[in-house]
Amino acid sequence: MRWTRKHLLGLEGVGRDEIVAILDAAAKFREILDRPVKKVPTLRGITIVNLFFEPSTRTRMSFELAEKRLSADTLNFAASTSSVKKGETLRDTARNIEAMMVDMVVMRHPSPGAPHFLTHHLDASIINAGDGPHEHPTQALLDLFTMRERLGDLDGKRVTIVGDILHSRVARSNVWGLTALGAEVTLCGPTTFMPVEIEKMGARVSTDIRESTVDADVVNVLRIQRERQEGGFLPSLREYTNLFGITAERVAGMRPDVVIMHPGPINRGVELMTDVADGDRSVILDQVTNGVAVRMAIIYLLSRVRAAERIEESEILAEVGL
Ligand code: CP
């Protein structure tokens, strides 16, 4: 298929063919990461800014590395050390950075829709690296890549996502991506962690950890977001762990080949026990490795659309003699 999107803002509405195109491109970039020289000149001359208004370890470093592996020039922006602290608006911050001839913006922001907002004010391509509880498309794509690596075609595969669905951008993007690829998705957690009408996204809902994981091919464990728990969603972390924590005992009741995933960062001993996180069913560090290849693929595909736009623009200008 021909990739035509200039931005990647979420996986809602992104079709199976588009997702497969990203995963197939990522598989090629994944091979490059195993070479002694892990770098290609593909994006020489392209400048990308990583615009982070929230903390991040994996996503920010993975994007930076993906950009460097593609030979792009990279700039890192952290809101906490910027003129945002002096009251500069998001629009002004982004437009000032773009004025330095930036081609692509990778953005994490606590407000849902912030990257969508920027598409109306910038010419650069925008990649959503997590917008509040809304979407985290690149995390979901690296999750899909890792599942496909282990299980092959995801059509008909059973994936259970366990935890704080309500606050999880990872869960939302996973549901959109997994259902587009034909997987059967179950969301498991306390009812206080289930968004209203979440079933409308195409996932089944369960509050029974045993029933929802016994036949699962994949159990994707979400972080309990302590920073977003002011609403009294949980009586206590200990109660959550007793009812939903992924322990070795619970894993023993699952399929012997079950794949255990977590987007990170992990609250060890809360949603996931250390022996499971570091055990032989866990692919958590593979997810991180694959994240670089998946982000290389996304940057590459979006940059081609932008380059084509530029060629079209210059052809039009040449036609009118400018
Ligand atoms: N999975 C994830 O988004 O991790 P970071 O917050 O460390 O980027």
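Laboratory data are not the source of any read-out in this text; all were calculated from the coordinates shown. Remember, predicted model here, so these are calculated numbers, not experimental data. Cβ coordinates were reconstructed from backbone atoms using ideal geometry, including for glycine residues, and neighbour counts include every protein chain displayed.
Summary of values
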quantity	calculated
The stretch 110-231: C-alpha gyration tensor shape, a/c 1.5 cut-off, then a/b vs b/c	oblate
Base-10 log of normalised Debye intensity for the stretch 277-319 (one unit scatterer per alpha-carbon) at q = 0.21, 0.27, 0.35 Å⁻¹	-0.72, -0.86, -1.04
Set LYS6/LYS68; LYS39/LYS86; LYS6/LYS28; LYS6/LYS38 screened for pairs whose C-alpha atoms are more than 31 Å apart	LYS39/LYS86
Kyte-Doolittle at least -0.5, axis length at least 18 Å by Cα - qualifying DSSP helices, the chain	16-33, 137-151, 284-319
Whether the chain is rounded, prolate or oblate, judged on the alpha carbon gyration tensor where a/c under 1.5 counts as rounded	prolate
Contact order relative to length of the chain, as percent, for alpha carbon pairs under 8 angstrom and 6 or more apart	21
Local electrostatic count at ILE316 - Lys and Arg +1, Asp and Glu -1, tallied over other residues with Cβ under 13 Å	-4
